[in-house]
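A.B. asks: Structure in structure tokens, see below.
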Amino acid sequence: MSPMNISRRGALLAGAIGAVSVPLMAGQAFADVGNKNAMVYIDPGHGGSDTGATGHGLVEKDLCLDIALQTRDMLVAKGGVDVRMSRTDDATLSLDARTNDANSWGAALFVSIHINAGGGTGFESYRYPSAGEPTVGYHNTLHPAILGAMNSHAGVVDRGPKTANFHVLRESAMPAILTENLFIDQADDAGKLADPGFITATARGHADGIAQIFGL
């Protein structure tokens, strides 16, 4: 991936460049299973005209959606949690549309799912730099759950929990975590991301970590 594309991707995450907003329909991507205290907003990164990172025949927006949809279905199957998604198909959404929707809905947790790029390898996750509890505790629960599920299928490098001034972390009114699930432009990582079993394991890690956060 070229430095220009990597820079643009970082700007999109930080909110410096916005995509065209598509209004969300009432009730879009909403599954109500009864516990109003466990309202989880899942945000598949990018979408539509914003492909995100690409590499080795893979496209970030598609992988993010696959992981997010499977995560939603696993959470709904567990019960005890309400799930809303920013998108359930290949829609173009601004970053503001995502955080505004989550804030208006009153989510208790915002999880944004991404695939990394830029010459590294492995899994990392982010919270906002000044975030305190319960965000720190949620982050420290979700990160190892995802990593453990990934490693149950194929070994990955742990790049650790980190902080960053990304739009979805900064503008969400609830605890928010962004996951970067391997590097699409690194051959070994891309091979794992091309494996449907690894994608399902990654989704299971997200679902299990969220369930742990809410004591489900």
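A.B. asks: Looking at segment 151-174 only, could you name the residues that are surrounded by 18 or more Cβ atoms within 10 Å (Cβ to Cβ) and either without any contact (Cβ under 8 Å) to a residue 24 or more places away in the chain or under 20 Å from Ala97 (Cβ atoms) (or both)?
C.D. replies: Within segment 151-174, Phe166, His167, Val168, Leu169, Glu171, Ser172, Met174 meet the criteria.
A.B. asks: State all residues of segment 74-94 that are under 13 Å from Tyr41 (Cα atoms) and either open to solvent by less than 20 Å² (accessible area, probe 1.4 Å) or touching a helix residue (DSSP H, G or I) at 6+ places or on another chain (Cβ under 9 Å) (or both); if no residue qualifies, say none. Give the derivation first.
C.D. replies: Taking segment 74-94 and keeping what is under 13 Å from Tyr41 (Cα atoms), we get 75-76, 81-88.
Passing the criteria: Leu75, Val81, Asp82, Val83, Arg84, Met85, Ser86, Arg87, Thr88.
A.B. asks: Let me ask you something else. Does at least one position in segment 163-183 carry a residue that is closer than 23 Å to Gln70 by Cα and assigned to a helix (DSSP H, G or I)?
C.D. replies: Yes, because at least one residue in segment 163-183 is closer than 23 Å to Gln70 by Cα and assigned to a helix (DSSP H, G or I).
A.B. asks: Still on this structure, I have one more. Kindly establish whether Gly215 is free of Cβ contacts under 8 Å to residues at least 12 places away in the same chain and either among the basic types (Lys, Arg) or in a loop (DSSP other than H, G, I, E, B) (or both).
C.D. replies: Numbers: free of Cβ contacts under 8 Å to residues at least 12 places away in the same chain: yes; either among the basic types (Lys, Arg) or in a loop (DSSP other than H, G, I, E, B) (or both): yes.
Against the criterion (free of Cβ contacts under 8 Å to residues at least 12 places away in the same chain and either among the basic types (Lys, Arg) or in a loop (DSSP other than H, G, I, E, B) (or both)), Gly215 qualifies.
A.B. asks: Residues being in contact (Cβ under 8 Å) with a residue 12 or more places away in the chain and farther than 26 Å from Val156 by Cα: count how many of those fall in segment 110-141.
C.D. replies: 2
A.B. asks: Taking the condition open to solvent by less than 30 Å² (accessible area, probe 1.4 Å), of a type in the set (Gly, Ala, Ser) and not in a strand (DSSP E or B), does Ala190 pass? Step through it out loud before you land on a result.
C.D. replies: Details: open to solvent by less than 30 Å² (accessible area, probe 1.4 Å): yes; of a type in the set (Gly, Ala, Ser): yes; not in a strand (DSSP E or B): yes.
Taking the combined requirement at face value, the residue satisfies it.
A.B. asks: May I ask you to verify whether Ala117 is buried (at least 20 other Cβ atoms within 10 Å of the Cβ), modelled with pLDDT under 95 and among the small types (Gly, Ala, Ser)?
C.D. replies: Details: buried (at least 20 other Cβ atoms within 10 Å of the Cβ): yes; modelled with pLDDT under 95: no; among the small types (Gly, Ala, Ser): yes.
For Ala117, the condition - buried (at least 20 other Cβ atoms within 10 Å of the Cβ), modelled with pLDDT under 95 and among the small types (Gly, Ala, Ser) - is not met.
A.B. asks: Here's a follow-up. Quick one: would you say Ala97 is in a helix (DSSP H, G or I), under 22 Å from Arg170 (Cα atoms), open to solvent by less than 50 Å² (accessible area, probe 1.4 Å) and touching a residue at least 40 places away in the same chain (Cβ under 8 Å)? Break it down into steps so the answer makes sense when it comes.
C.D. replies: Numbers: in a helix (DSSP H, G or I): yes; under 22 Å from Arg170 (Cα atoms): yes; open to solvent by less than 50 Å² (accessible area, probe 1.4 Å): yes; touching a residue at least 40 places away in the same chain (Cβ under 8 Å): yes.
So Ala97 fits the description; yes.
The values are calculated or read from the model by the stated rules, or taken from the named source; none is laboratory data. Since the structure is predicted, the reported quantities are computational estimates derived from the model, not experimental observations. Note: ideal-geometry Cβ built from the backbone for every residue, glycine included; neighbour counts use all protein chains shown. All accessible areas refer to the heavy atoms of the entire protein, side chains included, with ligands and DNA or RNA removed. Shrake-Rupley method; radii C 1.70, N 1.55, O 1.52, S 1.80 Å.
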